[in-house]
Amino acid sequence: MSGSAEPEVRRVVVVHGYDAAPGSHWFPWLCERLEADGVRAVPAELPEPSYPEAGAWQEAVGRAVGAVDAHTHVVAHSLGCVTVLRHLARLPRPWELGGLVLVAGFTGRLAAVPLLDGFLAGDTDLTAVRASTRRRLVLRSDDDPTVPAAATEELAARLGARLQVVPGAGHFCAEDGVLRLPAVLEALVPRPRGGAGA
C-alpha cells in the first residue's frame, strides 16, 4: 500500500471482532499511534460482542464509518472484517474509500466457531468494494487457530488485495501476545524502516 500518489490518511475507523471491544488486543495501541501522527482514530463499538447479531453489527459499523472518502481508511479484525465488507458492499454507488486493512479476514463459515454460523450465513458480493477502495491489504498469520489461511487468502484474491503474512501472530489477539501490530500502522502511515514498532 505504498506509492507517491497516495491520498493523505486523515481518518481511520478501527473495527473489532467477535468477543472483543475497542480496548482489546492491539486496537488501543493503533489508535494512540495514529493520533500521535495527526490521524483521527475512530474506534467502533459493536453491540453484544460475545453474542453478535449481524444486523446490529452492520448498523453500528455504518454509524462509525459514516461518509467515506479518499482520506478515510478502515481497519478491521476477524468478524469485524465480514461486517465492514457487508456494509461497504451495500453503499449506494458511486463511492470511494482511501483504504481497507483487513486482519485475519475471511468470508464464509468458520469450523472453529460454530456459534457464528447464523451470522456468517450467505456471501457478500465484493465487486463494488474492490472497485471503489483505492488501497487494499489483507494480513494473516502463519499459525491462526481460528481462521484457516486458505480463507484469508481467498478473501485477498476476491478483493484484489495485497496479502501479507505476519509470522507467529496467532489470531492477532492479546492472548497470542499481539498488543501492537506495526504492519497495520506501516500500511496506514508509512515511515522509515525501524520506526513503526516503537
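What do you reckon, is residue 130 open to solvent by 30 Å² or more (accessible area, probe 1.4 Å), in contact with a helix residue (DSSP H, G or I) (Cβ under 6 Å, 6 or more places away or on another chain) and within 15 Å of residue 26 (Cα to Cα)?
Considered against the rule, which asks whether it is open to solvent by 30 Å² or more (accessible area, probe 1.4 Å), in contact with a helix residue (DSSP H, G or I) (Cβ under 6 Å, 6 or more places away or on another chain) and within 15 Å of residue 26 (Cα to Cα), residue 130 comes out as no.
Here are 110, 139, 85, 46: which of them is among the aliphatic types (A, V, I, L, M), part of a helix (DSSP H, G or I) and closer than 25 Å to residue 23 by Cα?
85
Enumerate the pairs (first residue in the stretch 6-31 and without any contact (Cβ under 8 Å) to a residue 24 or more places away in the chain and within 30 Å of residue 117 (Cα to Cα); second residue anywhere and assigned to a loop (DSSP other than H, G, I, E, B) and open to solvent by 40 Å² or more (accessible area, probe 1.4 Å)) with beta-carbon separation below 7 Å, excluding pairs fewer than 6 apart on the same chain, so at least 6 apart or on different chains.
22/45
Could you grab me the full set of residues in the stretch 88-102 that are assigned to a strand (DSSP E or B) and either hydrophobic (A, V, I, L, M, F, W, C) or surrounded by 24 or more Cβ atoms within 10 Å (Cβ to Cβ) (or both)?
If the condition is that a residue be assigned to a strand (DSSP E or B) and either hydrophobic (A, V, I, L, M, F, W, C) or surrounded by 24 or more Cβ atoms within 10 Å (Cβ to Cβ) (or both), then 97, 100, 101, 102 are the ones that fit.
Restricted to the stretch 113-128, and to residues that are assigned to a loop (DSSP other than H, G, I, E, B) and either in contact with a Lys or Arg (Cβ under 6 Å, 6 or more places away or on another chain) or within 17 Å of residue 56 (Cα to Cα) (or both), which residue is modelled with the lowest pLDDT?
122
Here's the yes/no breakdown for (1) at pLDDT 95 or above; (2) over 12 Å from the mean Cα position of the chain (by Cα):
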{"residue": "5", "(1), (2)": "no, yes"}
{"residue": "18", "(1), (2)": "yes, yes"}
{"residue": "27", "(1), (2)": "yes, no"}
{"residue": "68", "(1), (2)": "yes, yes"}
{"residue": "78", "(1), (2)": "yes, no"}
{"residue": "84", "(1), (2)": "yes, no"}
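Does at least one position in the stretch 103-123 carry a residue that is open to solvent by 10 Å² or more (accessible area, probe 1.4 Å) and either aromatic (Phe, Trp, Tyr) or within 18 Å of residue 15 (Cα to Cα) (or both)?
There is at least one residue in the stretch 103-123 that is open to solvent by 10 Å² or more (accessible area, probe 1.4 Å) and either aromatic (Phe, Trp, Tyr) or within 18 Å of residue 15 (Cα to Cα) (or both).
The values are calculated or read from the model by the stated rules, or taken from the named source; none is laboratory data. Predicted, not measured: the structure shown is a model, and the values here were computed from it. FYI the Cβ positions are ideal-geometry reconstructions off the backbone, even for glycines, and counts take in every protein chain you see. Surface accessibility is based on the protein's heavy atoms, side chains included, excluding ligands, DNA and RNA. Shrake-Rupley method; radii C 1.70, N 1.55, O 1.52, S 1.80 Å.
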